[in-house]
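Below: one structure, written as structure tokens.
Please treat every number below as a calculation from the coordinates, not as lab data. These numbers come from a predicted model, not from an experiment. A quick note on method: Cβ atoms are made from the backbone with ideal geometry, for glycine too, and the neighbour counts reach across all protein chains shown.
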Amino acid sequence: MALNFNPLLSFTFLEKGNHNHGHPKFSMSRKVENTKNTQKQQVLHSMPPHKIEIFKSLESWVEENVLIHLKPVEKCWQPQDFLPHPACDGFHFQVEEIQKRAKEIPDDYFVVLVGDMITEEALPTYQTLMNVTDGVRDETGASSSSWAAWTRGWTAEENRHGDLLNKYLYLSGRVDMKEIEKTIQYLLGAGMVR
């Protein structure tokens, strides 16, 4: 059965009982589309001037009401906080325990986790899009504007989610990570259409 969530992605379940040399129960593949002849028109302004002014007028509000929610790195959870530490005794036992518990989780849940992880892994595309959006533009990647600081902080937060999902899915042994990695590479390589 194939579930198509996106024209770029196709989730394909392998037949139950088909052990396929020990590979996981499902894999992912990308529908290949010929885009060589497609002409893309460069977008010079992402929004009309009156909307840009709205974002600019909210700059101080963002600084006072939004940036306060960004925590210092040392106070944030990190993916490793939820995973077995590879240098500790018992690491292999803890991984076996994750795999044992993961066997009980329905395939549908793993489809959702993979989709979530792929979304998180596309963060470079989202940040690039936000960095070139008029009104919140961050041309250098180090702008001191409130919007730019928020975009970078949000990206750093979301990146941790993707890292945790990626490592959990890998350790669970339930998914074909190579196919997922290829899907992510296709997604990032295709870019985003505004």
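Summary of the geometry: the range 56-75 and the range 80-111, compared by the centres of their Cα atoms, lie 35 Å apart. The phi-based Karplus calculation (6.51 cos²θ - 1.76 cosθ + 1.60; θ = phi - 60°) puts the 3J(HN,Hα) values of the range 141-148 at x, 9, 4, 8, 5, 4, 4, 5 Hz, whole numbers, x for Gly and Pro. Of the cross-linked pairs K75/K167; K103/K167; K75/K182; K100/K178; K103/K178, those separated by over 23 Å at the C-alpha level are K75/K182.
Working out 0.36 nm times the residue gap between E64 and W77, then minus their Cα-Cα distance, what length gain in nm do you get to one decimal? Before the final figure, lay out the partial values.
Numbers: separation 13, 0.36 × 13 = 4.68 nm, distance 2.37 nm.
Length gained between E64 and W77: 2.3 nm.
Computed from backbone phi with θ = phi - 60° and the Karplus coefficients 6.51, -1.76 and 1.60, the 3J(HN,Hα) list for the range 46-58 is 7, 7, x, x, 5, 6, 4, 4, 4, 4, 5, 5, 8 Hz; x is used for glycine and proline. Peptides 178-186, 73-81, ordered by how many other C-beta atoms sit within 10 Å of their residues on average, highest first, read 178-186, 73-81.
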